[in-house]
Amino acid sequence: MAKTKVIERKPLTFAEKTFIPQIATGLKTTMKAMFDKTVTLEYPEQRPVIPNNYRGVPTLVKDPNGREKCVSCQLCEFVCPPKAIRITPGEIDAETDPERAHVEKAPQEFEINMLRCIYCGLCQEVCPEEAIFLQDIFSLSGYSREEMINKKEKLYELGGTLPDEHHKWDKKKAAEDAGNAH
């Protein structure tokens with residue numbers, strides 16, 4: 001059987017018995033904090049400064065002419081680790097958009113489940129058409145799970161139109177017009 005060793009505890013001093021040094025230290029900290037600049041923001045009227053490389057809500061964007069940039073390649077769907085993106089490819093209607101009908105596909109349905117999304121940014125990195133961007137939106141809320149699934153219309157509403165230096169569709173149309181003229 002193991003022996004129990006008794007350790008003698010040293011007696012408390014008078015200051016330790018009254019807790020005066022601890023109270024003084026706490027008051028010193030409180031007084032110092034009272035005169036510091038506040039960091040509280042009156043959200044949502046005041047918003048924090050968002051850094052340029054912030055990864056927020058993924059959204060779809062349109063080109064400067066208001067056309068869909070997404071061509072249903074489904075790379076973002078395949079690369080998404082939590083499988084939050086679901087795309088149903090569709091054809092571009094020749095009657096509504098004759099300029100692009102022969103060029104590419106467009107998504108019939110595009111959904112991002114924000115309850116699953118981990119804001120990793122892989123969807124933005126892999127998109128060859130630069131159609132999906134992570135915006136600086138950081139507060140999303142909903143009353144049900146269905147409200148947290150962003151459909152194509154909501155994604156375009158959040159994303160809007162971003163400037164595009166490529167003008168891909170305009171170049172293809174100009175090349176085709178030149179080819180048809182010969």
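The values are calculated or read from the model by the stated rules, or taken from the named source; none is laboratory data. Given the structure is predicted, the values throughout are model-derived calculations rather than measurements. Here Cβ is always computed from backbone atoms with ideal geometry, including for glycine, and neighbour counts include all displayed protein chains.
State which residue is surrounded by the fewest Cβ atoms within 10 Å (Cβ to Cβ) when the search covers only segment 106-156 and only residues that are under 22 Å from GLU91 (Cα atoms), in contact (Cβ under 8 Å) with a residue 60 or more places away in the chain and aliphatic (A, V, I, L, M). Once the filter is applied, the top-ranked residue is LEU155. Would you mind stating whether GLY90 is surrounded by 11 or more Cβ atoms within 10 Å (Cβ to Cβ), assigned to a strand (DSSP E or B) and on the phi < 0 side of the Ramachandran plot? It is true that GLY90 is surrounded by 11 or more Cβ atoms within 10 Å (Cβ to Cβ), assigned to a strand (DSSP E or B) and on the phi < 0 side of the Ramachandran plot. Filtering segment 133-151 to residues that are among the β-branched types (Val, Ile, Thr) and at pLDDT below 90 leaves only ILE137.
For segment 1-51, filtered to residues that are of a type in the set (Asp, Glu) and assigned to a loop (DSSP other than H, G, I, E, B), the residue that is farthest from ASP136 (Cα to Cα) is GLU8. Of the residues making up segment 137-163, those that are assigned to a loop (DSSP other than H, G, I, E, B) and of a type in the set (Ser, Thr, Tyr) are SER139, SER141, TYR143, SER144. Candidates CYS70, CYS117: the one that is farther than 18 Å from MET148 by Cα and either in contact with a strand residue (DSSP E or B) (Cβ under 7 Å, 6 or more places away or on another chain) or of a type in the set (D, E, K, R) (or both) is CYS70.
Hey, does segment 120-132 have a residue that's part of a loop (DSSP other than H, G, I, E, B), at pLDDT 80 or above and closer than 24 Å to TYR43 by Cβ? If you could, list the steps in order and put the result at the bottom.
Quick first cut of segment 120-132, residues part of a loop (DSSP other than H, G, I, E, B) only: 120-121, 127-131.
With at pLDDT 80 or above added as a condition, the list becomes 120-121, 127-131.
Among the residues that remain, those that are also closer than 24 Å to TYR43 by Cβ are: none.
No, segment 120-132 has no match at all.
Filtering segment 57-69 to residues that are at pLDDT below 90 and either assigned to a loop (DSSP other than H, G, I, E, B) or of a type in the set (A, V, I, L, M) (or both) leaves ASP63, PRO64, ASN65, GLY66, ARG67, LYS69.
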